[in-house]
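Peer 1: Take a look at this one; I'll ask things after.
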């Protein structure tokens, strides 16, 4: 597969034509609720008979996307905790393609992946729900220089989940 090295931060300033995400219509305070609403949708995707099949060799299967969103939730929870604890938290770039290979996404169990997503999504949703007041303005910086506030971090995160649901027609 071709590695995804795009800079997706543009979704914070304009709508995504592929999935319909619109940052102007997105309240970061809703991300916990939105994430919880994604749990049954991902469970349904992962129950499909074709969940393990790639639609094309260069496109992840629904199972691989499901494993990816589990890891996204875990990673974003770690980063959100760091941003809430320290304004200006720094974190290294994450190679999602390397992670997919190392974790053997395509060999995972779809039911177990759905359960892991429910757990990881619930933890992160609770963490986003706990954000109050000035904490929304705390910053985090990736090693590539991309800077987020907790507010834009929430939006960026939700776009990833929404976009991948669109990828798998969830």
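Read the figures in this text as sums done on the coordinates, not as results from a lab. Keep in mind it's a predicted model, so treat the numbers as computed, not measured. Neighbour counts are summed over all protein chains in view; Cβ atoms, including those assigned to glycine, are modelled from backbone coordinates with ideal geometry.
Peer 1: Using only helices, what value at 222 nm comes out for the chain when you add -39,500 (n - 2.57) per DSSP H run of length 4 or more and divide by the total residues, to the nearest 500 deg cm²/dmol? The partial results should precede the final answer.
Peer 2: Details: 5 runs with 86 residues, N = 170.
Computed mean residue ellipticity for the chain: -17000 deg cm²/dmol.
Peer 1: By the gyration tensor of its Cα atoms, with a ≥ b ≥ c the square roots of the eigenvalues, what is the shape of segment 101-163: rounded for a/c under 1.5, prolate for a/b over b/c, or oblate? Walk me through the numbers before you get to the answer.
Peer 2: Values: a/c = 2.96, a/b = 1.63, b/c = 1.81.
Oblate, since a/c reaches 1.5 and b/c is not below a/b.
Peer 1: For labels at residue 96 and residue 10 in the simple 7 Å Cα→Cβ model, what's the distance in nm?
Peer 2: About 1.5 nm separates the two model spin labels.
Peer 1: Of 68, 138, 159, which is the most mobile in a GNM of the chain whose springs link Cα atoms less than 10 angstrom apart?
Peer 2: Per the Cα network of the chain with a 10 Å cutoff, 138 tops the list.
Peer 1: I'd like to compare 97-106, 31-40, 112-121: which one has the highest average count of other Cβ atoms within 10 Å, and what's the full order after that?
Peer 2: Values: 97-106: 14.0, 31-40: 17.9, 112-121: 19.4.
Ranked from most to least packed, the peptides come out as 112-121, 31-40, 97-106.
Peer 1: Under a no-solvent Debye model with one identical scatterer per Cα of the chain, what's log10 I(q)/I(0) at q = 0.11, 0.16, 0.19, 0.20 Å⁻¹?
Peer 2: -0.44, -0.95, -1.34, -1.47
Peer 1: Quick check on the exposure proxy: order 27, 146 from fewest to most C-beta atoms within 10 angstrom. It would help to have the intermediate numbers written out before the result.
Peer 2: Values: 27 12, 146 15.
Ordered by Cβ neighbours within 10 Å, fewest first: 27, 146.
Peer 1: Additional query: Under a GNM of the chain (C-alpha, springs under 10 Å), which listed residue has the highest mean-square fluctuation: 157, 91, 128?
Peer 2: 91
Peer 1: If each of residue 22 and residue 37 carries a label point 7 Å out from its Cα toward its Cβ, how far apart are those two points in nm?
Peer 2: That separation, rounded to one decimal, is 1.4 nm.
Peer 1: For q values of 0.12, 0.14, 0.19 Å⁻¹, compute log₁₀ I(q)/I(0) with the Debye formula on a Cα-only model of segment 1-91, without solvent.
Peer 2: Cα-only, vacuum Debye calculation for segment 1-91: -0.53, -0.73, -1.28.
Peer 1: Put a dot 7 Å past each Cα toward the Cβ at residue 54 and residue 87; how far apart are the dots in nm?
Peer 2: Each label point is offset 7 Å from its Cα along the Cβ direction, giving 4.6 nm.
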